[in-house]
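Undergrad: The structure that follows is given in the form of structure tokens.
What follows draws every value from the coordinates through simple rules; no lab data is involved. This structure is a prediction, so every number in the text was calculated from the model and none was measured. Glycine also receives a Cβ, built like all others from the backbone with ideal geometry; neighbour counts cover every protein chain displayed.
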Amino acid sequence: MTKTAFITGASSGIGRATAIALAQSGFQLVVTGRRRERLEELVQQVAPTPVHILTFDVRDRAATEAAVAGLPADFQDVAVLINNAGGAHGLAPIQDGDPNDWDAMLDGNVKGLLNVTKALLPGMTQRNRGHIINISSVAGSEVYANGNVYCASKAAVSALTKGMRLDLLAHNIRVAEINPGAVETEFSEVRFKGDTSRAASVYKGFEPLTAEDVADVIQFMVTRPPHVNIAEVLLFPAAQAAATTIKKDL
Ligand code: 8X3
């Protein structure tokens with residue numbers, strides 16, 4: 001039977017690239033996001049892979065539960081969950097931080113991941129099978145100046161990954177995290193609220209990872225045999241040695 005992968009935040013970046021990679025590996029997909037048009041384009045791109053689109057905000061627990069409860073029968077047995085939705089909002093000293101940005105990061109990156117996971121776990125625990133990949137970040141293990149709440153949200157994702165792995169062991173559910181460094185996606189545009197030149201400057205002078213580079217590794221992680229769990233991956237571009245140590249030729 002075709003396995004189903006459920007990918008949050010699939011309308012762009014790492015989520016979208018992962019959806020394409022997993023379709024190539026023979027998975028059928030549930031793709032979620034807030035931008036239906038973008039998800040419909042993705043469906044065209046991966047045709048003839050069967051895809052079910054869900055548009056809901058992971059921060060809305062009731063909407064998340066309703067979306068998962070309403071999955072068509074063919075898509076209900078989710079084998080792989082990619083918790084990708086999330087992002088950074090602002091990059092400012094804590095004293096200048098906008099509490100609305102803090103809410104967006106803590107509600108989206110942390111509680112959103114919990115909402116989606118909670119909705120899918122009854123099926124996985126009943127089946128005694130599942131594989132969950134959380135997209136965390138180098139920011140989950142390294143705090144950098146002005147990263148404060150974003151780093152805290154990713155530290156929470158990394159802690160939750162370890163906690164989930166312990167708690168779900170009894171149900172044969174593999175839980176893992178991938179922690180990318182600099183990946184050129186819409187990440188910085190969102191962080192800098194649409195300031196495209198500031199966003200572009202983050203990736204100037206070196207070759208950052210692409211969303212496809214990250215998706216390649218996720219594809220490898222989820223296609224290992226059932227007795228193998230690649231529990232943690234720290235993925236940097238070759239020019240990066242730590243969160244804020246990047247060799248740039250400017
Ligand atoms: C994205 C990488 O270094 O901007 O999580 O935190 S970083």
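Undergrad: Apply the Kirkwood formula to region 201-250: the hydrodynamic radius equals the inverse of the mean of 1/r over all pairs of different alpha-carbon atoms; give it in Å with one decimal.
TA: Details: mean 1/r = 0.0790 Å⁻¹.
In region 201-250 this quantity evaluates to 12.7 Å.
Undergrad: Please report the antiparallel percentage of the DSSP beta bridges confined to the chain, to the nearest 5.
TA: Numbers: 2 of 30 bridges.
Approximately 5 percent, going by the DSSP bridge assignments.
Undergrad: In region 4-246, if the dipole is taken from +1 on Lys/Arg beta carbons and -1 on Asp/Glu beta carbons about the Cα centre, which of G90, V68, G140 is farthest to the positive end?
TA: Positive-most Cα among the choices belongs to V68.
Undergrad: Of A239, A211, N229, which is farthest towards the positive pole of region 183-250's charge dipole, taken about the Cα centre with +1 and -1 on the beta-carbons of Lys, Arg and Asp, Glu respectively?
TA: Working it through, the farthest residue towards the positive pole turns out to be A239.
Undergrad: Please compute the Kirkwood hydrodynamic radius over region 62-144, one decimal place, Å, based on all pairs of different Cα atoms.
TA: Details: mean 1/r = 0.0683 Å⁻¹.
So the Kirkwood estimate lands at 14.6 Å.
Undergrad: Also, quick follow-up: Report the per residue volume, in Å³, of the convex hull enclosing the C-alpha atoms of region 160-250. Write down the numbers at each step before the final one.
TA: Values: hull volume 10.2 nm³, N = 91.
So the per-residue hull volume is 112 Å³.
Undergrad: Just want to confirm a number: the relative contact order over region 4-246, from Cα pairs under 8 angstrom separated by 6+ residues, in percent. Write down the numbers at each step before the final one.
TA: Values: 464 pairs, mean separation 48.1, N = 243.
In percent, rounded to a whole number, it is 20.
Undergrad: Name the residue, out of A47, A139, A85, whose mean-square fluctuation peaks in a Gaussian network model built on the chain with Cα pairs under 10 Å.
TA: In the Gaussian network model the winner is A47.
Undergrad: Do the sum for the chain: with -39,500 (n - 2.57) for every DSSP H run of n ≥ 4, divided by all residues, what is the mean residue ellipticity at 222 nm, to the nearest 500 deg cm²/dmol?
TA: Working: 9 runs with 99 residues, N = 250.
It comes out at -12000 deg cm²/dmol, rounded to the nearest 500.
Undergrad: By what distance, in whole Å, do the Cα atoms of region 72-213 stretch along each of the three principal axes, largest value first?
TA: Sorted largest first, the three principal extents are 48, 32, 29 Å.
Undergrad: Treating only the Cβ of Lys, Arg, Asp and Glu as charged (+1, +1, -1, -1), what charge dipole size does region 4-246 show about its Cα centre? Round to the nearest 20 debye.
TA: On the way: 20 positive and 25 negative charges, 108 e Å.
Value, rounded to 20: 520 debye.
Undergrad: What's the whole-number percent of alpha carbon pairs in region 108-169 lying beyond 19 angstrom?
TA: Numbers: 647 of 1891 pairs.
Of the Cα pairs, 34 percent sit more than 19 Å apart.
Undergrad: Determine, for each peptide in 120-126, 177-183, the mean count of other beta carbons within 10 angstrom over its residues, then list the peptides with the highest first. Mind showing how you got there, number by number?
TA: On the way: 120-126: 16.4, 177-183: 23.3.
Highest mean packing first, the order is 177-183, 120-126.
Undergrad: Any idea how far the Cα center of region 38-72 sits from the one of region 104-179, in Å?
TA: 20 Å
Undergrad: Given region 4-246, report the % of alpha carbon pairs whose separation exceeds 28 Å.
TA: On the way: 7908 of 29403 pairs.
In whole percent, the share of Cα-Cα pairs in region 4-246 beyond 28 Å is 27.
Undergrad: Could you tell me the extents of region 1-111's C-alpha atoms along the three principal axes, largest first, rounded to whole Å?
TA: Rounded to whole Å, the extents work out to 53, 26, 23 Å.
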